[in-house]
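Each value in this text was obtained by applying a stated rule to the coordinates, not by laboratory testing. Computed from a prediction, not measured in an experiment: that's the story for all the values here. Cβ placement follows ideal geometry from the backbone for every residue including glycine, while neighbour counts extend to all protein chains displayed.
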Amino acid sequence: MSQAASDTNRDLRLTGLHKEYSNGFVAVKSLDLVVPSGSFFALLGPSGCGKTTTLRMIAGLEEVTEGSIAIGDTVITDDKPYRRPVNTVFQNYALFPHLTIAENVEFGLKRKGVKDTGAQVKEMLELTELTAQAGKKPAQLSGGQQQRVALARALINRPELLLLDEPLGALDLKLRRAMQVELKRIQTEVGITFVHVTHDQEEAMTMADIVAVMHRGEIEQMGTPYELYTNPKTTFVANFLGRSNLIKGKVLGREGTGADEVVKADMYGTVVSIKASRVHTTSSEGWIGIRPEKVIIQPEGTPIDAPGNFLSGAVVVGAIYMGVSTEYLIQMPWGQQLICFEQNTGRRGGLVKVGTKVDVSWRPNFAFLLDSTQDADAGREDD
Amino acid sequence: MPGGRTTNVAALTRKQRAGLWLIVPAALWLLIFFVIPFYSLLATSLFDPNGSVLTGYDVAWHFANFGNAISNYWPEIVRSFLYAGIATIICLVLGYTLAYAIAFKAGKWKTVMLVMVIAPFFTSFLIRTLAWKLILGDDGWVVNTLQTLHFMPQGGRILATPVAVIAGITYNFLPFMILPLYTSLEKMDPKLLEAAGDLYANPFQAFFKVTWPLSIPGVVGGTLLTFIPAAGDYINAALLGSPNERMVGNVIQSLFTTQGDYAQAGALSVVLLVIIVALVMLYVRRSGSEDLL
């Protein structure tokens, strides 16, 4: 049924892929990337980062300035789109309005000269739960259903590679959540490599096995959602994927060896340690990063549940209650404001009131250290 | 809104009344300038053919007028539809190409090109056709060039041939073909062509499976706007043709204005009308765009 992908290596390989438009704008800068066959891969980045251009080059809809695209050993860089073993789910679906759902779905098979499409169309409509819609026109369907038609129309061709260009962008939040689960289920079922372009970090993290964060035409960092979130290498990744507190610190030196090796840093008078595997700078200064949900606060004078040092003299200046959790804004003695997410377990029996003096701490193994020359605001959503 | 009628009767009847008043001017206009003349034309077609300006006319329910009109003038009727058909096909080929180019390839020149399509309307139909008479004339540059290049024998002519008449009709009605085609092509999402290519359609298949079916409303609209007036046209045949290129419009005109045979002229007009309506209905049904009617 699906390609014998796992035994013969059919990974997607982008080598030195470069795109410069005629007006001199460089959308993609010599990209090197390997997408393992059968994986759900997400290209994540803000608009204009080059992710869609990369996808369109893979689909053959955009000319490649330099570099090559290959699936396994087959180079497809200069192939016409209709000769590539690749199908696309377009951003606004681009369903054929004059054809029924069944005709839309069988379009690709017909062009390939498949005579008896009935059984395959039926199977695909069942997989995407569209059987009842087979005879309707796209305009009669809801957004979520249209999205599934776009998926069915591409998947029926059993491509080696399915490209998804912001596939859930047009759906409302609830439907988007449901479709995320649905897409992941379908991908697992068919075992085809999915390359998914999105600017929504939550979408990328929930669905993808591997996420590549793109910024200004380059891949900033690539890894599993867990790796990217817990160990970001740049301020852009730290801010774009979730949120981060970044605090200026002076590097003091290293201690320990192997997995226990830590880097000690001075943070406005308090010494903190960061695991060596999470240190991404060699200079004497750096951004000490900590995720908001890792930050622990405790009203002054009561014991804080954290090993090692804690910072005192902080004040709660804001509290946003969100049911499941509360977002506290903490003013540090050096003037910076940190964010702290606290799960509302009921342990406190209420919220920490604004104006309360608190001690602040975190478990050292969650902190990371980034290069101080990078912009601490890079990748923040509100910029 | 089915719910609206029960909940807000007063407001809706007021709305309906406003709707009626909005229809009145056009309805009056149609009554005075279409229904009454049309009735009078029908009556004329049933006149006693022996009547004259001197003895007066009366509606004699003379149905033989239709048979006579057809048997006397069938060559002109056939010629009209032939010329109109050829001109429509040429218009479709030229118009589709141009409309496609304006819609998808023109870029920033789009507006300029559209204005150029409409520009001929700034001068009168008659003057433009007269200009063609000069251009295609025996001493005009077209004939001279063709003769110099030996594409045409000495003494050969274009004016007063079917070529001139069909060329004139094609020229005069081309904008009516381009505009509906452009409108329907322009509405098309170019992403659909990318999708077709992505789904293994080569450019040729993408055109016939996606672009063409989506432009059918424009094709039907354009061909009707070209074919119907072209079939009844008499200016092009009168100015660019000879008696050998006479179309049914020329016959009707001369029967009415010079020969004074009102009965025959009326009958011929009705025949022309019936044939056109029948053809249009057949065509629209075949092309699957009934909603245009």
Suppose R0 equals 22 Å. What FRET efficiency, 1/(1 + (r/R0)^6) with r the Cβ-Cβ distance, do A:Asp209 and A:Arg243 give to the nearest 0.05?
0.40
Using the Karplus equation 6.51 cos²θ - 1.76 cosθ + 1.60 (θ = phi - 60°), what ³J(HN,Hα) coupling, rounded to whole Hz, does each residue of the range A:265-280 give in order, writing x for Gly and Pro?
9, 9, 10, 6, x, 9, 8, 10, 10, 10, 4, 4, 5, 10, 9, 10
What do you get for chymotrypsin sites (Phe, Trp or Tyr not before Pro) in the range B:44-96 restricted to DSSP loop and a cutoff of at most 11 other Cβ within 10 Å of the site's Cβ?
B:Trp61, B:Phe63
Give me the distance between the Cα centres of the range A:93-107 and the range B:182-208, rounded to whole Å.
12 Å
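Starting from the Kirkwood Rh over alpha-carbon pairs, what translational D in µm² s⁻¹ does the range B:71-292 have by Stokes-Einstein at 37 °C and 0.692 mPa s? Don't skip to the answer; put the middle values down first.
Values: Rh = 19.4 Å.
After rounding, the answer is 169 µm²/s.
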Calculate the radius of gyration of the Cα atoms of the range B:126-209 to one decimal place, then report Dmax, the largest Cα-Cα distance, as a whole number, both in Å.
20.7, 57
Distance between the range A:316-383 and the range B:218-251 - C-alpha centres, whole angstrom
81 Å
Can you tell me the alpha carbon radius of gyration of the range B:165-265 divided by the globular rule-of-thumb value 2.2 N^0.38 Å?
1.60
Expressed in nanometres to one decimal, the distance between label points 7 Å along Cα→Cβ at B:Asn202 and B:Ala106 is 3.1 nm
Pick from B:Phe227, B:Phe33, B:Phe104: which residue has the top mean-square fluctuation in a GNM of chain B where Cα pairs under 10 Å get a spring?
B:Phe33
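With r defined as the distance between the Cβ atoms of A:Thr373 and A:Ser68 and R0 fixed at 45 Å, what FRET efficiency is calculated, to the nearest 0.05?
Working: r = 33 Å, r/R0 = 0.73.
About 0.85, to the nearest 0.05.
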Fluctuation leader among B:Ser254, B:Ser269, B:Ser124 - chain B, Gaussian network, Cα springs under 10 angstrom:
B:Ser124
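Tell me, in nm to one decimal, what length is gained between B:Ser242 and B:Leu282 on full extension, where the rule is 0.36 nm per residue of separation less the Cα-Cα distance?
On the way: separation 40, 0.36 × 40 = 14.40 nm, distance 3.22 nm.
The B:Ser242-B:Leu282 span can extend by a further 11.2 nm.
Using only alpha carbon pairs under 8 Å that are at least six residues apart, calculate the relative contact order of the range B:153-241 and give it in whole percent. Show your work: numbers first, answer last.
Numbers: 63 pairs, mean separation 44.7, N = 89.
After rounding, I find 50 percent.
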Please find, in a Gaussian network model of chain B (springs between Cα atoms separated by less than 10 Å), the residue of B:Thr183, B:Thr123, B:Thr13 whose mean-square fluctuation is greatest.
B:Thr13
Take every Cα pair under 8 Å in the range B:71-292 that's 6+ residues apart, average their separations, divide by the length, and report that relative contact order as a whole percent.
28 percent
At 0.36 nm per residue, minus the direct Cα-Cα distance, what do A:Lys264 and A:Arg177 gain on full extension? Give it in nm, one decimal, please.
27.2 nm
Could you calculate the FRET efficiency of B:Ile275 with A:Thr100 from 1/(1 + (r/R0)^6), where r is the beta carbon distance between them and R0 is 25 Å, rounded to 0.05?
0.10
What list of whole percents do you get for P(r) of the range A:12-230, with Cα-Cα distances grouped in 10 Å bins up to the one holding the largest distance?
8, 34, 36, 18, 3, 0
For the protein assembly as shown, Kirkwood radius (reciprocal of mean inverse C-alpha pair distance, Å):
32.3 Å
Of A:Lys184/B:Lys191; A:Lys136/A:Lys184; A:Lys115/B:Lys209; A:Lys233/A:Lys294; A:Lys115/A:Lys136, which pairs sit farther than 24 Å apart, going by alpha carbon to alpha carbon?
A:Lys184/B:Lys191; A:Lys136/A:Lys184
In the range A:93-112, which residues have a backbone nitrogen under 12 Å from the label point lying 7 Å from A:Gln140's Cα in the Cα-to-Cβ direction?
A:99-102
Given a cut-off of under 8 Å on Cα pairs at least six residues apart, what relative contact order in percent is computed for chain A?
15 percent
Straight-line reach from A:Lys174: which aspartates and glutamates have a Cα under 17 Å away, not including same-chain ones fewer than 8 places off?
A:Glu166, A:Glu182, A:Asp200, A:Glu202, A:Glu203
